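Okay, so here's the structure we're looking at.
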Amino acid sequence: MRRHRRSPASRPCEACGEATSNGKPYCIDHIDRLPEFGAVQGRIAAREAEISTIQRCGARAVDVSGECAREVLSILKDGAMTLKCFRHSLDMPQRVVDALLRALEKAGRLRKLEVEIRGRTEEVVALGDRLAEAS
Ligand SMILES: [Zn+2]
C-alpha cells in the first residue's frame, strides 16, 4: 500500500476535494468561493453600480462615503494633484469624475484651488482637511 506523503500545507478543496496549493481551502476552479474573493467582487460591483448611477444622474447621485468617493479621496491622501493629473489617475468616465469632484467639494471632503505653476495657473485638487492643516 502506497502512502501519500502530504505536506502539512496541503488540504483538499472544500468544494470538490482536489488537492489545493499552499493550504488554501479551495482549488483554482473554486477560488471564487473564498469569502475575501466575494468581498472584492462585491466592492467592484458596488463601484460599477455607483459609476453608472452617477453617469445617469450626476453629482446629486454621489454617495460621499461610497466606493467611488473612497477611491477619489485615496489617490489624494499623499498630497494634492493638478486637476489634469487627477483625472488621468481615475479609471472613470470624465462626467463621473466631475460629478464626484463637485459632490466631494460641496461635502468639504476635498478642495479645488488655483495654483500658479511655472507661470501658468493650474487647477489643483486637495483633500479638504489636508488643506486646513496647511493653512
Ligand atoms: Zn475545487
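Quick note: the coordinates plus some simple rules give every number you see, no bench work behind them. All values reported here derive from a predicted model rather than from experimental measurement. Note that each Cβ is placed from the backbone with ideal geometry, even for glycine, and that neighbours are counted across all protein chains shown.
222 nm [θ] for the chain, helices only, -39500 (n - 2.57) per DSSP H run of 4+, per residue, to 500? The partial results should precede the final answer.
Values: 5 runs with 59 residues, N = 135.
Counting only the DSSP helices, I get -13500 deg cm²/dmol.
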message: Given a 10 angstrom Cα cut-off, can you work out which residue in Arg118, Arg70, Arg95 is the most mobile in a GNM of the chain?
response: Arg118
task: Above 20 angstrom, tally the Cα pairs of the chain and express them as a % of all pairs, no decimals.
output: 59 percent
message: Angle check, please: helix 35-57 long axis (alpha carbons) against the longest principal axis of the chain (alpha carbons), in degrees 0 to 90, nearest 10.
response: 30 degrees
message: Highest mean first, how do 37-47, 10-20 rank when packing is the count of other Cβ atoms within 10 Å averaged over residues?
response: 10-20, 37-47
message: Output wanted: per-residue J couplings in Hz (rounded whole) for segment 66-80, from phi through Karplus 6.51 cos²θ - 1.76 cosθ + 1.60, θ = phi - 60°, x for Gly and Pro.
response: x, 5, 5, 4, 4, 5, 4, 5, 5, 6, 9, 5, 8, x, 6
query: What lysines could a cross-link reach from Lys106, if we take a straight Cα to Cα line under 21 Å and drop same-chain neighbours fewer than 8 places away?
result: Lys77, Lys84
task: Measure nothing but the geometry: give the 0 to 90° angle between the long axis through the Cα atoms of 94-106 and the longest principal axis through the Cα atoms of the chain, rounded to 10°.
output: 70 degrees
